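Colleague: I'd like to ask some things about the structure below.
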Amino acid sequence: MSQLAITSQLRIVAGGVWRQQVLDVVRCAAFVGALVLAWISLRPFADLGEIQIGEVSTGNEAPTYLVFGGLAVLMIVLAARDNMRGLATLLTPSFLLFAGWVCVTVVLSVDPATSMRRFVLTACVIAVTSTMLLLPRSQNELMRFLSIAALILLAVCYLGILLAPQFAIHQATDPQEPLLAGDWRGAFGHKNVAAGVMAMLLFLGIYIARSGALLSGAVIIGLSSLFLFHAAGKSSLTLCFAVLLLTSLTSVFRSFWVRAILLLTPLLLLNMLSVGTVMSDGLAAVAKLLPLDSTFTGRTDIWNFALDALRQRLATGYGFVAFWGSKAFEDLPAGKEWAAFAAHSHNGYLDTALGMGLPGLILLIVVLVIVPLRNFQQADQGGNNGPLAMALLRIWLFGLYLSAMESFFLDRADPLWFTFLVAVFGLHFLARFRVRE
């Protein structure tokens, strides 16, 4: 072979290596960037002292739309390049039916323009989260990507606490919730969101440590636990321990139906003893016997109002994420004026029904509750029952439980919704493909 031919082949090989290195960097940047963007947002450390009471986000932040739209296109292209089979598995009947009903509720919305805007960003977020776990080439690479993103978030939050506490810790001067003074919120807009994300980070830290990266895993576990404690998120802290306990029992009970009863009974009880208390005097009496605030810090008024509104539009709801702050509040009765300023009902299942009616709620339960549990069962039976599957199960279950007290289902780029979706799609892929070590 001539020297010229050898030189040409070397150039081709070098060019191929260089292109692969560039693609590796792009995959890592897209994965980590998407997580960091969802967790920190483009407007971190909001000055709550400047937020007026009654100010409601319309979902009309153009930069956020553009960035997530660009990320969606990029990540679909990257995933399709190497994992077209994985993308094709997302076209399940349940998901397509749910997506179709979402589109129907956008068209029938009392405020179609708002529903359409929020649907566009939600669709972009779903596109990003559904392709994220197809980007890493191995579980070790996935572990590194998650470690980088988690450590970046923790570094940003702790730097905020140290350098700008007035923007990272709730203050007594905050006009909306001055009683939260002293609770950590980091880069997030509220301590409840910060606490929820930190609990999810704790689950990721356990996965990372169990997968061999003991140092980074321990750092993530320690820092997220400390932040969770100082955020004073009682619901997130309690649910975190409950999830760790219940998921550990799945290694003992292998039957799908036993696992369903074990993991989903608490979800039913949480909703019965929260929203259910305003629907049944018997449940309200039971709730009063428990060592908790029977008004759920004022949530019962919101739930009563929301249920009264839902009864008027059970079939279709008020439109995709279009009830709170919409035209439905034009003629409020005396004493209910506060409802015009509420952002959500503090219950994801009730808000889903308000937006998409009872059919939408049923489809959401199928897609986000039943199907992921079935996917975990299939992954376990197929040999994908390692630390990754357990971490995804914990994030998914924690999100389901937290939604009985908070509302983030289908909420555009909400950090809790984003992380929850990553777990849902992760369980989907683990049920269908073997993980490369």
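The values are calculated or read from the model by the stated rules, or taken from the named source; none is laboratory data. Note that the coordinates shown come from a computational prediction; the quantities given were computed from them, not determined experimentally. Counting neighbours? That spans all protein chains shown, and the Cβs are built from the backbone with ideal geometry, glycine included.
Colleague: Please specify each residue of segment 356-398 satisfying the condition of being under 26 Å from T114 (Cβ atoms) and either without any contact (Cβ under 8 Å) to a residue 60 or more places away in the chain or among the aromatic types (F, W, Y) (or both).
Modeller: Hits for segment 356-398 are L358, L361, I362, I365, L368.
Colleague: For segment 190-223, give me each residue that is charged (D, E, K, R) and either surrounded by 19 or more Cβ atoms within 10 Å (Cβ to Cβ) or out of contact with any Pro (no Cβ under 7 Å at 6 or more places or on another chain) (or both).
Modeller: K191
Colleague: Output the qualifying pairs, or none if there are none: Cβ atoms under 8 angstrom, residues six or more apart or on different chains, first residue in segment 266-282 and in contact (Cβ under 8 Å) with a residue 40 or more places away in the chain, second residue small (G, A, S) and assigned to a helix (DSSP H, G or I).
Modeller: Close Cβ pairs (under 8 Å, with a partner that is small (G, A, S) and assigned to a helix (DSSP H, G or I)) amount to P266/A242.
Colleague: Residues in segment 270-285 that are surrounded by 15 or more Cβ atoms within 10 Å (Cβ to Cβ) and modelled with pLDDT of 80 or more: how many?
Modeller: Going through segment 270-285 one residue at a time, the tally reaches 10.
Colleague: Name the residues in segment 127-146 that are of a type in the set (S, T, Y) and surrounded by fewer than 23 Cβ atoms within 10 Å (Cβ to Cβ), would you?
Modeller: Selection gives S138 alone.
Colleague: Something else about it: Testing Q166 on (1) surrounded by fewer than 16 Cβ atoms within 10 Å (Cβ to Cβ); (2) not in a helix (DSSP H, G or I), one condition comes back false. Which one is that?
Modeller: Unmet condition: (2).
Colleague: Among all residue pairs at least 6 apart or on different chains, which show Cβ distances below 6 Å where the first residue, located in segment 61-74, is in a helix (DSSP H, G or I) and the second is hydroxyl-bearing (S, T, Y) and at pLDDT below 95?
Modeller: Correct list of pairs: empty, since none qualify.
Colleague: Determine whether V110 is surrounded by 14 or more Cβ atoms within 10 Å (Cβ to Cβ) and touching a Pro at 6+ places or on another chain (Cβ under 7 Å).
Modeller: Here the answer is no, as V110 does not meet what is asked.
Colleague: Let me ask you something else. Is it the case that some residue within segment 291-305 is at pLDDT 90 or above, closer than 25 Å to N192 by Cα and either out of contact with any strand residue (DSSP E or B) (no Cβ under 8 Å at 6 or more places or on another chain) or part of a loop (DSSP other than H, G, I, E, B) (or both)?
Modeller: no
Colleague: I'd like to know if segment 317-335 contains one or more residues that are among the polar types (S, T, N, Q) and at pLDDT below 95.
Modeller: yes
Colleague: Under the condition of being touching a helix residue (DSSP H, G or I) at 6+ places or on another chain (Cβ under 7 Å) and closer than 11 Å to L134 by Cα, which residue from segment 64-102 is surrounded by the most Cβ atoms within 10 Å (Cβ to Cβ)?
Modeller: Within segment 64-102, the match that is surrounded by the most Cβ atoms within 10 Å (Cβ to Cβ) is M75.
Colleague: Could you check, for segment 380-394, whether at least one of its residues is touching a Leu at 6+ places or on another chain (Cβ under 6 Å) and over 24 Å from G212 (Cα atoms)?
Modeller: no
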